[in-house]
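Participant: Pasting a structure below so you can have a look.
The values are calculated or read from the model by the stated rules, or taken from the named source; none is laboratory data. These figures come from a predicted structure and were not determined experimentally. In this analysis, Cβ positions are derived from the backbone assuming ideal geometry, glycine residues included, and neighbour counts consider all displayed protein chains.
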Amino acid sequence: MIEVKKAKDIVTFKTGKLDSNAAEEEGKYPFFTCSQETFRINSYAFDTECTLLAGNNAAGIFPLKYYKGKFNAYQRTYVIEPIDKAVLDIRYFYYYLRPLLTGFQQQATGATTKFLTLKILNNLDVWIPKIETQKKIAAILSAYDDLIENNKRRIALLEKMAEEIYREWFVRFRFPGYQNSKFEKGIPKGWKVKPFSDVVHINPKEFLEKEEEKPFVGMESLSTNSMYFEATERRKGNAGSKFRNGDTLFPRITPSLENGKRGFTMSLDEDEVAIGSTEFIIMRQKELTPEFIYLLCCFEPFRTHAEISMVGASGRQRVAENCFSFFLVPTPPSEVLEKFTEVISPMFEQIKTLCKQNTVLANTRNQLLPRLISGKLSVENLDIQFPPSMLNDDIA
């Protein structure tokens, strides 16, 4: 039997007290804001198991998260806890809210930035099955999320390894055989120092039929912490950036550049050309290889160089493309680049495989979620094994 109750009767809505700029580098505790990203901070105000919901959609959506442990929160972030744990499992409530996020966009108040008020949230109808059923539903869905998070950790490790290898070979010049190399003016003999714009195709030309549908990628599809992205829609037309597999997407606009957004194209069909935001700068292989280009674009001095060149009104500044003529790149011989590709390319392929696995896992979870919540897929008589994340004391 499923009861329907108002949210105000089963949960409490608290908020954080901090401004969004209170985040601290390498902080000890998570700091939750209205951003999809989780920041860090050195103080905590909460030590609980809860669902966290953004109170505004400054990030374009209302980010929703589950957490158990010590943390701090922004003043517009709702910290949601059950009034009675015997009535409501908070992880079940987290999954219950996930399909409702799109609807929140229509209900929220405000013009440019939308706000979720307590009036909206308190009056939300919540389906409440027996607590044992709630826990089983949460266990099934959490198992998928645990697999996804495990893959994300593997992806992050692979990306860090690739970035470290890049720095080892091309910043510290400790590439294979460096011991036998002679150095002239600080770089290995046989290498040449060239402007970035001379060794990379920047915004290469592509001809596309206007009436044909093509994959489209917006700035929101790029991540601040991973290279992989997929086109989420198809559009007609030929305006905007144009790119192929192997191209690097580099944001030209603030704050996307400062936030670390970037992307490496690897999800298109062979010879397929996609279109994207006009705020992408496309970088394609010329003398440098695709892997080298992408990892150089992750290199902090390169991004800082682009940031310094930004011009325009505050809040809408853009990278001046001619800045790439003034960024000098120690360019290695082709045999060194080929060896680098042999080492890095399998890492990129593994990242692609793991990301595709996550897409399948997420789609399966999303298909199961409404059927489980509605009771169409009954779990009452199932013997559910709880995933590790529901047994641990500290879940991030």
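Participant: Of the residues ALA156, ALA138, ALA111, which is outside the structural domain of GLY263 (by TED's automatic domain parsing), exposed (fewer than 13 other Cβ atoms within 10 Å of the Cβ) and either touching a helix residue (DSSP H, G or I) at 6+ places or on another chain (Cβ under 7 Å) or among the aliphatic types (A, V, I, L, M) (or both)?
Facilitator: None of the other options fit; the residue is ALA111.
Participant: Scan (1) surrounded by 15 or more Cβ atoms within 10 Å (Cβ to Cβ); (2) over 27 Å from LYS135 (Cβ atoms); (3) more than 20 Å from the chain's Cα centre (by Cα) for the single condition GLU81 breaks and write down its number.
Facilitator: (2)
Participant: Would you confirm, using the coordinates I've provided, whether PRO290 is modelled with pLDDT of 95 or more, more than 25 Å from the chain's Cα centre (by Cα) and surrounded by 14 or more Cβ atoms within 10 Å (Cβ to Cβ)?
Facilitator: On the way: modelled with pLDDT of 95 or more: yes; more than 25 Å from the chain's Cα centre (by Cα): no; surrounded by 14 or more Cβ atoms within 10 Å (Cβ to Cβ): yes.
Here the answer is no, as PRO290 does not meet what is asked.
Participant: Out of the range 160-210, which residues are touching a helix residue (DSSP H, G or I) at 6+ places or on another chain (Cβ under 7 Å) and either among the hydrophobic types (A, V, I, L, M, F, W, C) or under 18 Å from TYR294 (Cβ atoms) (or both)?
Facilitator: If the condition is that a residue be touching a helix residue (DSSP H, G or I) at 6+ places or on another chain (Cβ under 7 Å) and either among the hydrophobic types (A, V, I, L, M, F, W, C) or under 18 Å from TYR294 (Cβ atoms) (or both), then MET161, ALA162, GLU163, ILE165, TYR166, TRP169, PHE175, PHE196, SER197, VAL200, ILE202 are the ones that fit.
Participant: May I pose another question? Can you tell me which residues in the range 190-234 are charged (D, E, K, R) and in contact with a strand residue (DSSP E or B) (Cβ under 7 Å, 6 or more places away or on another chain)? Break it down stepwise before answering.
Facilitator: Within the range 190-234, the subset charged (D, E, K, R) is 192, 194, 198, 205-206, 209-214, 220, 230, 233-234.
Scanning the range 190-234 gives LYS192, LYS194, GLU206, GLU213, LYS214, GLU233, ARG234.
Participant: Of all residues in the range 226-261, how many are charged (D, E, K, R), in a strand (DSSP E or B) and either at pLDDT 95 or above or more than 20 Å from the chain's Cα centre (by Cα) (or both)?
Facilitator: Narrowing the range 226-261 to residues charged (D, E, K, R): 230, 233-236, 242, 244, 247, 252, 258, 261.
Now drop any that are not in a strand (DSSP E or B), which leaves 233-235, 242.
Next, from what is left, pick out any that are either at pLDDT 95 or above or more than 20 Å from the chain's Cα centre (by Cα) (or both): 234-235, 242.
Qualifying residue count for the region: 3.
Participant: Just one of LYS135, LYS114, LYS152 is of a type in the set (Lys, Arg), in contact (Cβ under 8 Å) with a residue 24 or more places away in the chain and closer than 30 Å to PHE340 by Cα; which is it? Steps first, please.
Facilitator: On the way: LYS135 fails: closer than 30 Å to PHE340 by Cα; LYS114 fails: closer than 30 Å to PHE340 by Cα.
Checking each option against the conditions leaves just LYS152.
Participant: Next question, about the same structure. Hey, could you check the range 167-210 for residues that are part of a loop (DSSP other than H, G, I, E, B) and among the hydrophobic types (A, V, I, L, M, F, W, C) and say which is surrounded by the fewest Cβ atoms within 10 Å (Cβ to Cβ)?
Facilitator: Applying the filter and picking the extreme gives PHE207.
Participant: Additional query: Are any residues in the range 10-37 farther than 22 Å from PHE62 by Cβ and either more than 24 Å from the chain's Cα centre (by Cα) or surrounded by fewer than 16 Cβ atoms within 10 Å (Cβ to Cβ) (or both), and if so, which ones?
Facilitator: GLU24, GLU25, GLU26, LYS28 - these are the residues of the range 10-37 that are farther than 22 Å from PHE62 by Cβ and either more than 24 Å from the chain's Cα centre (by Cα) or surrounded by fewer than 16 Cβ atoms within 10 Å (Cβ to Cβ) (or both).
Participant: Out of all the residues in the range 326-346, which are in contact with an Asp or Glu (Cβ under 8 Å, 6 or more places away or on another chain) and part of a helix (DSSP H, G or I)?
Facilitator: PHE340, THR341, ILE344, SER345
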